[in-house]
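Remarks on the structure that follows.
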Amino acid sequence: MIRRRTFTALLALMLALAAVLSACGGGSKSDNGGGSNTPSTASRSGGGGSNAGSGPGGGESGDAAPQPVTLKVLWWGGQTRHDNTLKIIELYQQQNPHVTIEAEFTGFDGYWEKLSAMVAGNNTPDVLQMNFGEYLTQYAKNDVLADLNPFVESGVIDASKLDKGIMESGVVDGKLLGIPLGMNALTVIYDPELIKQAGAQEPALGWTWDDFKAIARTVHEKLGIYGSPTLEANNILEYYARQNGQKFFNDEGTGVGYDDQIFIDYFNMQVELIKEGVMPTLDVMQQHSALEDQLIVHGKAPFDVRWSNQVVALSKAANRQLKLTVLPGPNTEKGLFLKPAMFFSVAKNSKHAEEAAKFINFFVNTLEVEEIQKGERGVPINSEIREAISQKLDEVQQNMFEYIDLAAENSSPIDTNYPTGSAEVLSLLGTDIEDRILFAEMSPEEGAKKFREQTEEILARKR
């Protein structure tokens with residue numbers, strides 16, 4: 001956890017006392033914030049430190065200096081994100097000495113269990129990282145998250161330079177429940193040097209799943225390493241259904257929205273490659289669960305298929321340049337979509353919701369924040385910050401920004417029809433059905449039938 005030093009707390013109390021004495025003597029208003037000049041704002045913050053606008057202070061702005069506040073902030077990620085976020089929090093506290101931030105973080109796999117336990121224990125963090133789709137739907141239904149519209153309307157969160165389309169992804173039933181922290185898209189991350197050593201052709205726009213398998217097989221045969229890791233069904237199966245003109249969930253919210261043959265073909269491709277040794281068995285994959293420990297990092301596979309922002313951490317861990325391209329076709333543009341990388345949300349029961357909103361505003365509207373992150377949470381949604389930071393990126397980061405432009409030109413709107421219970425459905429897929437198929441305990445045909453039946457049971461129970 002990050003806490004203020006004792007002398008900072010004493011200083012805040014001394015400032016508060018001085019402000020009270022000044023007010024009694026008819027003194028002028030004090031400046032409540034550290035006021036970091038961002039590319040996107042010019043107004044003065046009501047105590048938030050970033051130039052967020054001068055919305056109502058709720059007792060946190062005005063004649064008296066801001067009172068000491070402690071915020072709990074929770075996020076998931078790999079080590080690169082943890083390090084970056086701790087630096088950003090330190091910067092925020094320097095500019096806002098009345099704020100103490102208690103930081104908690106974990107990997108994605110354990111994040112939702114941790115958050116669920118915190119909510120159940122009435123210990124929900126003031127600011128929490130939230131995911132689009134199944135989890136946003138779940139926490140919206142459970143009424144855990146605060147509506148941030150009032151903070152946007154008052155100017156506490158300055159949305160004037162934030163991408164309006166991506167901002168809409170945080171809206172559920174008219175309530176703005178999350179502020180996107182970046183833009184993302186699924187991508188194939190690849191090691192150009194390994195592919196070159198194998199004498200294969202680098203992937204490019206217009207390639208197909210047959211091309212993917214051909215390159216993977218060539219690398220495996222020529223270099224004696226894996227041609228690809230296994231693919232995460234929770235993300236890639238949705239793309240696979242979309243590129244075949246179908247959806248993961250049906251529009252009625254009662255079950256899956258694709259034909260079972262889609263599911264069968266998707267898993268048969270991997271079962272085939274595992275039998276050939278081109279893809280590793282699942283027990284090998286489970287030894288490489290951390291982002292910085294993936295096969296591509298160690299030069300044991302030329303491919304990795306995941307979200308575009310993760311190329312930053314992967315390249316850093318690999319200590320070499322990795323590239324990005326679109327997922328295989330046909331019909332890449334039907335399957336691919338832009339996505340909010342993640343949100344910051346505020347707990348509905350937070351006692352310091354306005355201060356939490358100010359922290360989020362700082363996160364998305366301050367250039368110094370992105371100078372630390374450089375796209376690790378996705379391409380910035382603030383247009384001016386994106387333009388400014390693009391001049392300061394290394395080659396990998398620049399490629400990631402350019403990939404989002406490529407994806408935007410070769411994609412279609414994201415599906416938003418995640419029903420209540422979809423988080424449980426996707427957990428079933430990723431921790432049971434997928435494992436049993438890839439461990440050869442169940443055929444893809446059996447898995448398709450079982451997953452359809454259990455999905456319908458879960459969604460019926462949740463309605």
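All of the numbers you see were taken from the coordinates with simple rules; none came from a lab. Note that the structure is predicted; figures quoted are calculated from it, not measured. A quick note on method: Cβ atoms are made from the backbone with ideal geometry, for glycine too, and the neighbour counts reach across all protein chains shown.
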Problem set entry | Filter result (touching a helix residue (DSSP H, G or I) at 6+ places or on another chain (Cβ under 7 Å) and either assigned to a loop (DSSP other than H, G, I, E, B) or within 23 Å of Asn319 (Cα to Cα) (or both)) within segment 270-288 | Gly277, Val278, Met279, Thr281
For this session: State whether the residues of segment 254-276 include one that is touching a strand residue (DSSP E or B) at 6+ places or on another chain (Cβ under 7 Å), within 30 Å of Leu393 (Cα to Cα) and buried (at least 21 other Cβ atoms within 10 Å of the Cβ).
Result: no
Exercise. Given the structure, is Asp283 closer than 22 Å to Leu324 by Cβ and either out of contact with any Pro (no Cβ under 6 Å at 6 or more places or on another chain) or not acidic (Asp, Glu) (or both)?
Worked result: no
For this session: Would you check which residues across segment 144-167 are within 17 Å of Gln129 (Cα to Cα) and out of contact with any Lys or Arg (no Cβ under 7 Å at 6 or more places or on another chain) and list them?
Result: Leu148, Ile157, Ile166, Met167
Exercise. Which of the following residues is under 26 Å from the mean Cα position of the chain (by Cα) and either of a type in the set (A, V, I, L, M) or more than 19 Å from Lys450 (Cα to Cα) (or both): Ile264, Ile236?
Worked result: Ile236
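Against the definition (hydroxyl-bearing (Ser, Thr, Tyr) and part of a loop (DSSP other than H, G, I, E, B)), how does Ser350 come out, yes or no?
Working: hydroxyl-bearing (Ser, Thr, Tyr): yes; part of a loop (DSSP other than H, G, I, E, B): yes.
Against the criterion (hydroxyl-bearing (Ser, Thr, Tyr) and part of a loop (DSSP other than H, G, I, E, B)), Ser350 qualifies.
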Problem set entry | Residue within segment 323-342 that is touching a residue at least 24 places away in the same chain (Cβ under 8 Å) and over 30 Å from Ile262 (Cα atoms) present | no
For this session: With the condition kept exactly as written, say whether any residue in segment 426-447 is loosely packed, with under 15 Cβ neighbours inside 10 Å, under 23 Å from the mean Cα position of the chain (by Cα) and either assigned to a helix (DSSP H, G or I) or not hydrophobic (A, V, I, L, M, F, W, C) (or both).
Result: yes
Problem set entry | Among residues of segment 197-225, those that are of a type in the set (D, E, K, R) and in a loop (DSSP other than H, G, I, E, B), counted | 1
Exercise. Does segment 254-269 include one or more residues that are in contact (Cβ under 8 Å) with a residue 12 or more places away in the chain, assigned to a helix (DSSP H, G or I), among the hydroxyl-bearing types (Ser, Thr, Tyr) and under 20 Å from Ala423 (Cβ atoms)?
Worked result: no
